[in-house]
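Comments concern the structure below.
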Amino acid sequence: MKKTFTYSLIFILLSLILLSCDKPAPTQLIDNSTDEVEYELLNDPLSENYYTSGVDTSGITQDIRNLANLISVSGIKVTLNNFTTDLSLAQAFFFNKSAPIYNSSGDLIAYETFAPGLVFFNGLRARVAMHQIRYLDRGIIRHTDIGPKFILFSGIGGTVDPFHFPYNSEIDFKLAMQNDSVNFSIPTPPELNGNVIMHGHRGAGNIKLELRWNAEFYNRITIIFGLIKQGQNYSIPVYRMRTEDDGELIIPGRLLNRLPLENFSKMVITFVRAFEKSEGTPNNSLFVSTQSIHSIILDIP
């Protein structure tokens, strides 16, 4: 039972990171402090319309509705009860911009996908699987298949695919189509190891989070804060923060204690160190994202 519960919480993270970018409404900038930390509100946790699933743990931190395709590789660590699970994930999505998907309010939430050929990561042929998104629509959780995705994944309960994310290295990518092929190397960032120190108690309204990680000064990193309701197996991404990769950040209490924390049992803090680029010609480019991710799940005291 404990192992099943642990795996369920791990899969919560498989629906947290990218959902912060392909939500149906624009993010709202709520703060830009003097230490150059950007805070954005992603979802109102009391709303009856929010997006709770995306392209698994891709770590993308921009709105993918503007992308024609997405190539994503991730090295992921998920920490729960001081135990850390290592995962490796490679994915490719090709969006059909003539086939949009809307919620009942008419908001664009995604595009259907298609399979243009065969995809390989480090010479390994990616499997084709159906991708499903989940979103809360006027208080009802809806599930929608949007089409095929290419995937390699390992790490939970043993190796599913013989793919292992190489930190601070390169991954060879190949797209083989009927009359053409595309091949290039994807650089990977250094491994990220995060730590969260929680101060205060929600009953006293004085919770504050002190974040630490191994600084690499590797451009900027993204941190996503999410909440999990008791008995539910999905999370709501609430805040996205961008800051220098200098190893420390304090999430102030004024951002946390105004949230309805009494309605939630756990919080998720996800650290993302990413590298993004486009490959190919301007009219036929592939958007590439590679990232080191560490997600930490904590009980709310």
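The values are calculated or read from the model by the stated rules, or taken from the named source; none is laboratory data. The structure displayed is predicted, hence computed values, not measured ones. Using ideal geometry, Cβ is built from the backbone for each residue, glycine included, and neighbour counts are taken over all protein chains shown.
See the values below:
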{"item": "Hits in region 98-118 (condition: under 14 Å from Arg134 (Cα atoms), among the polar types (S, T, N, Q) and exposed (fewer than 15 other Cβ atoms within 10 Å of the Cβ))", "result": "Ser104"}
{"item": "Single residue of region 244-265 satisfying the filter (touching an Asp or Glu at 6+ places or on another chain (Cβ under 9 Å) and touching a residue at least 60 places away in the same chain (Cβ under 8 Å)) that is farthest from Lys174 (Cα to Cα)", "result": "Leu255"}
{"item": "Within region 93-141, tally of residues that are charged (D, E, K, R), assigned to a strand (DSSP E or B) and in contact (Cβ under 8 Å) with a residue 24 or more places away in the chain", "result": "5"}
{"item": "Selection status of Thr34, surrounded by fewer than 20 Cβ atoms within 10 Å (Cβ to Cβ), under 17 Å from the mean Cα position of the chain (by Cα) and either modelled with pLDDT of 75 or more or farther than 30 Å from Val182 by Cβ (or both)", "result": "no"}
{"item": "Number of positions in region 175-196 that are buried (at least 18 other Cβ atoms within 10 Å of the Cβ), in a strand (DSSP E or B) and either free of Cβ contacts under 8 Å to residues at least 60 places away in the same chain or of a type outside the set (Val, Ile, Thr) (or both)", "result": "2"}
{"item": "Filter pass, Gln291 being surrounded by fewer than 21 Cβ atoms within 10 Å (Cβ to Cβ) and either within 26 Å of Ile140 (Cβ to Cβ) or in contact (Cβ under 8 Å) with a residue 24 or more places away in the chain (or both)", "result": "no"}
{"item": "Test result for Val288, of a type in the set (A, V, I, L, M), closer than 21 Å to Pro189 by Cβ and touching a His at 6+ places or on another chain (Cβ under 9 Å)", "result": "no"}
{"item": "Residues (within 30 Å of Asp299 (Cβ to Cβ) and surrounded by fewer than 21 Cβ atoms within 10 Å (Cβ to Cβ)) located in region 160-174", "result": "Val160, Tyr167"}
{"item": "Residue in region 96-103 that is in contact with a Ser or Thr (Cβ under 8 Å, 6 or more places away or on another chain) and closer than 20 Å to Thr144 by Cβ present", "result": "yes"}
